[in-house]
Protein chains: 2
Amino acid sequence: MEKRNAFYAQSGGVTAVINATACGVIETARKHKNKIGKVYAGRNGIIGALTEDLIDTSKESASAIAALKHTPSGAFGSCRYKLKGVEESREQYERLIEVFKAHNIGYFFYNGGGDSQDTSHKVSQLSKKMGYPIQCIGIPKTVDNDLPITDNCPGFGSVAKYVAVSIKEAAFDVKSMAETSTKVFVMEVMGRHAGWIAAASGLAKQDKEDAPHIILFPEIPFDKKLVLKRVKECVEKYGYCVICVSEGARLADGTFLADSGNTDAFGHKQLGGVAPIIADMIKQEHGYKYHWAVADYLQRAARHIASKTDVDHAYAMGKAAVQFAIQGKTAVMPTIVRTSNKPYKWKIGSTTLARVANVEKMMPRSYITKDGLGITERCRTYLQPLIKGEAYPPYKDGLPRYVRLKNIQVPKILNTKFKI
Amino acid sequence: MEKRNAFYAQSGGVTAVINATACGVIETARKHKNKIGKVYAGRNGIIGALTEDLIDTSKESASAIAALKHTPSGAFGSCRYKLKGVEESREQYERLIEVFKAHNIGYFFYNGGGDSQDTSHKVSQLSKKMGYPIQCIGIPKTVDNDLPITDNCPGFGSVAKYVAVSIKEAAFDVKSMAETSTKVFVMEVMGRHAGWIAAASGLAKQDKEDAPHIILFPEIPFDKKLVLKRVKECVEKYGYCVICVSEGARLADGTFLADSGNTDAFGHKQLGGVAPIIADMIKQEHGYKYHWAVADYLQRAARHIASKTDVDHAYAMGKAAVQFAIQGKTAVMPTIVRTSNKPYKWKIGSTTLARVANVEKMMPRSYITKDGLGITERCRTYLQPLIKGEAYPPYKDGLPRYVRLKNIQVPKILNTKFKI
């Protein structure tokens with residue numbers, strides 16, 4: 001049988017290590033040229049497949065591909081574009097198969113979160129029915145750490161490390177100035193539904209009096225009275241108070257705190273995030289001087305402070321995906337299986353796409369302290385290994401040397417256009 | 001003559017490397033025990049001197065002092081507390097001399113910005129008049145880089161590196177998602193009066209199409225029409241637009257942009273910083289999806305990505321200050337003198353405190369492009385060496401090992417209290 005090509009796409013919000021996964025996929029495929037032809041990447045994710053905008057990764061040098069391992073973001077472009085259900089928009093799936101057929105693509109690697117695993121799953125089912133079977137392998141990725149089954153998601157460990165390091169550093173700063181200046185510092189982190197990233201800030205708390213003193217999770221309804229009381233206690237006891245708040249922090253009725261702010265004279269919602277709202281609330285009640293930070297994309301792009309464990313996981317997932325394909329598997333996703341906490345050990349596992357599609361893994365209640373404002377030892381034990389190790393990128397003239405690929409397009413074969 | 005002790009205090013906003021300066025002071029003093037007795041640090045800066053709250057640094061181990069070199073923030077506490085003029089509050093100066101006398105302090109090392117150099121200068125003049133001469137040595141420190149005479153200020157190089165690295169990483173992220181998601185990213189940085197930190201973001205722009213595409217300086221009045229036009233051009237040409245805005249960006253009439261936002265129903269000023277205001281302005285005009293970040297303290301505390309050059313400068317300033325004292329100098333401040341750009345070379349210089357007190361060094365107009373939205377090659381040549389080199393702290397379990405000193409108080413001698 002003729003050797004078939006592979007399609008690889010990055011989906012959804014990018015991370016500091018999704019390119020390490022791409023590196024794992026491409027380097028492993030290159031080692032099995034007898035089984036896998038070329039690796040084509042979708043320009044801007046699945047959109048590249050729909051529009052037949054494929055990137056020929058064989059045009060990139062070995063060193064450029066190796067440099068993906070230390071380059072944040074999505075090297076081929078990613079997208080926020082969710083394929084609808086098969087019944088709703090069968091033509092999208094048919095188009096995918098059409099493009100795959102045209103380019104002799106027999107392997108579909110989709111690197112993303114829960115939505116993407118759902119898409120891979122649907123493609124695997126449909127392609128069979130349409131008489132053009134493709135091996136569909138999902139590859140986990142999400143800073144939110146909210147995929148089920150896998151112990152953790154590549155991308156999360158590095159955000160976790162960034163957040164823990166940053167809040168530790170900022171807390172040192174605030175503490176040293178608190179006598180005459182800022183007493184309250186609020187840092188807002190990502191996590192609309194799940195509080196994993198906010199929880200990671202808790203790793204900075206190595207002694208009882210250390211920051212963060214308060215963590216606000218989306219999973220726990222915001223209790224204004226309790227939080228204000230705790231802030232006062234911290235300032236009186238330690239001289240300062242540091243808070244990490246998840247962007248998804250919400251009231252008991254489900255309203256996001258970020259949406260609970262005042263509207264301006266034109267009826268616009270407050271522009272800021274949730275950090276300034278919390279900070280102002282404290283100022284109103286206690287009069288403490290405050291500062292706040294919103295790290296936003298800085299946190300998920302921060303390859304300069306990536307977790308080595310996370311980079312290793314990300315690469316391994318890409319490598320395993322290709323090995324699964326070579327073994328003839330389909331409709332599966334490699335997973336990270338933790339086999340020991342101390343010392344931390346892990347291995348590659350696998351699950352079916354059906355089991356991970358569209359499932360969101362929230363923080364277990366047992367990972368959050370009774371008062372809802374901190375993490376438990378159990379949570380710490382889970383999180384700690386994920387931020388372990390440094391994996392610094394190379395530098396030149398004071399800046400990281402991140403790679404920009406040539407991203408050369410595969411000549412189009414189809415005459416048809418497809419409207420996105 | 002009896003050996004005299006030294007007083008060292010950290011003043012104003014702390015930095016990622018001010019403790020490296022403290023390390024330079026203490027390690028150098030320890031090498032000259034025949035000349036200098038103990039080094040007493042002021043707890044919370046000059047307030048420690050006024051309240052006779054002195055820290056005995058001789059109680060700290062050599063390894064704890066060495067660890068200061070890689071620990072951000074102010075290890076002894078800093079303060080925002082400016083001594084008034086001698087005529088206005090002579091009792092403050094008299095109190096300082098009283099405490100210095102009581103503890104046989106003959107050297108006054110004051111580590112801060114322009115205000116602090118002014119204080120050192122006044123103390124040096126007054127102590128002579130009061131018959132208790134003290135050698136006063138200022139030591140430069142400020143993330144704002146706004147001290148005159150010295151080529152640059154310790155603290156700035158590390159913020160500059162953090163900002164350049166962060167905006168480069170975020171830009172990679174935005175670019176890879178721009179097709180279907182965020183097209184405009186705004187990052188707010190420190191700098192109320194001088195645009196040095198915002199300028200440093202320009203180092204990330206290594207090719208014409210690279211981010212940041214727009215830099216907004218406090219020195220250049222904000223031109224809304226021009227900025228909105230430029231944003232559109234960038235998005236149409238490159239697919240995205242990244243902006244770095246100084247917190248001090250202002251309108252032609254001097255109003256801070258951050259203060260130009262709407263007030264809420266209660267007449268409160270908008271809570272956010274200037275980044276959300278710029279982002280919203282663009283959304284209103286062009287409808288582009290945006291994200292914004294406010295790094296706040298994260299930027300000046302970010303020891304994890306400190307510039308090696310900056311750490312070297314900071315340490316050298318502390319060391320030179322002690323050497324100046326041993327040489328019998330007073331009312332002076334060590335400076336950094338650049339002797340060559342390529343390769344970057346520098347040496348220690350010195351200036352009188354009178355020349356640096358209360359002078360603010362703004363960005364020269366020649367460092368900003370004609371359109372006011374970027375940096376020139378001349379500026380790049382100046383900034384580039386300052387972010388050079390990495391000086392990573394040691395890590396344990398995924399987190400930097402920053403030191404907490406014991407900070408043991410020197411027994412009080414005076415019976416008097418002093419009200420701050």
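Please treat every number below as a calculation from the coordinates, not as lab data. Every value quoted in this text rests on a predicted model; they were computed, and no experiment measured them. Note that we place each Cβ from the backbone using ideal geometry, even for glycine, and neighbour counts take in every protein chain shown.
Nearest-5 percent of antiparallel DSSP beta bridges in the protein assembly as shown? Working shown, then result.
Working: 38 of 100 bridges.
So the antiparallel bridges amount to about 40 percent of the total.
With the convex hull of its Cα atoms as the shape, chain B has an orientation-averaged projected area of 23.0 nm².
For B:Arg250, neighbours were defined as the other residues whose beta-carbon sits under 14 Å from its Cβ, and their charges (Lys and Arg +1, Asp and Glu -1) total -4.
Determine the calculated [θ] at 222 nm for the protein assembly as shown from helices alone, applying -39500 (n - 2.57) to every DSSP H run no shorter than 4 residues and normalising by the residue count; nearest 500 deg cm²/dmol. Provide the component values of the computation, followed by the final result.
Numbers: 26 runs with 288 residues, N = 840.
Only helices count here, giving -10500 deg cm²/dmol.
Set the Cα radius of gyration of the protein assembly as shown against 2.2 N^0.38 Å, with N its number of residues, and you get 0.99. For the stretch A:312-329, 3J(HN,Hα) computed residue by residue from phi via the Karplus equation (6.51, -1.76, 1.60; θ = phi - 60°) reads 4, 4, 4, 5, 4, 5, x, 5, 5, 4, 5, 4, 4, 4, 5, 6, x, 6 Hz, glycine and proline entered as x.
Label positions at A:Glu233 and A:Gln323, each projected 7 Å from the Cα along the C-beta direction, are separated by 4.9 nm. Cβ crowding within 10 Å ranks B:Cys379, A:Cys241 as B:Cys379, A:Cys241, fewest other Cβ atoms first.
My understanding is that a pair violates if its Cα-Cα distance is over 27 Å; which of A:Lys388/B:Lys161; A:Lys329/A:Lys406; B:Lys31/B:Lys406 do that in this structure? Spell out each step's value before the answer.
Numbers: A:Lys388/B:Lys161 24 Å; A:Lys329/A:Lys406 31 Å; B:Lys31/B:Lys406 21 Å.
Cα-Cα > 27 Å for A:Lys329/A:Lys406; rest within.
3J(HN,Hα) along the stretch B:94-109, derived from phi through the Karplus expression 6.51 cos²θ - 1.76 cosθ + 1.60 where θ = phi - 60°, amounts to 5, 5, 4, 4, 4, 5, 4, 4, 4, 9, 6, 8, x, 10, 10, 9 Hz, with x in place of Gly and Pro.
Across identical copies of the chain, B:Leu414 has label-point separations of 8.3 nm, listed in ascending order, with the point defined 7 angstrom from Cα along Cα→Cβ. Summary of the geometry: the stretch B:381-420 and the stretch A:343-404, compared by the centres of their Cα atoms, lie 30 Å apart. Taking amide H atoms as placed 1.01 Å from N in the peptide plane, the amide H of B:Trp292 lies under 5 Å from those of B:Val186, each 5 or more residues away in sequence or on another chain. By the Cβ-Cβ criterion of under 4.7 Å, the unpaired cysteines of chain A are A:Cys23, A:Cys79, A:Cys136, A:Cys153, A:Cys244, A:Cys379.
In the stretch B:334-420, inverting the average of 1/r over every pair of distinct C-alpha atoms gives 18.8 Å as the Kirkwood radius. Annotation: extensible slack from A:Val337 through A:Asp207 equals 43.8 nm (criterion: 0.36 nm per residue apart, minus Cα-Cα distance). Across the identical copies, the 7 Å label point of A:Thr255, projected outward along Cα→Cβ, sits 3.0 nm from its counterparts, in ascending order.
Within the set A:Lys38/B:Lys289; A:Lys168/B:Lys69; A:Lys168/A:Lys361, which residue pairs have Cα atoms separated by over 24 Å? Kindly include the intermediate steps, with their values, before the conclusion.
Working: A:Lys38/B:Lys289 35 Å; A:Lys168/B:Lys69 17 Å; A:Lys168/A:Lys361 27 Å.
Beyond 24 Å: A:Lys38/B:Lys289; A:Lys168/A:Lys361.
Measuring label to label, 7 Å along Cα→Cβ, what does A:Ala66 give against each other copy in nm, shortest first? When each copy's label point is compared with this one, the spacings are 3.4 nm. The simple Förster model, with R0 at 60 Å and r as the Cβ-Cβ distance, assigns B:His286 and B:Lys31 a FRET efficiency of 0.50.
Sparse packing (at most 16 other Cβ atoms within 10 Å of the Cβ) combined with a DSSP loop state is found for the following chymotrypsin sites (Phe, Trp or Tyr not before Pro) in the stretch A:266-368: A:Phe266, A:Tyr344. Once both labels are positioned 7 Å from their Cα atoms along Cα-to-Cβ, the gap between B:Lys225 and A:Glu377 label points is 6.7 nm. Between A:Tyr392 and A:Glu88, the distance separating the two model label sites (each 7 Å from Cα on the Cα→Cβ line) works out to 4.8 nm. The coefficient of translational diffusion for the stretch A:156-301, derived via Stokes-Einstein from the alpha carbon Kirkwood radius under 37 °C and 0.692 mPa s, stands at 216 µm²/s.
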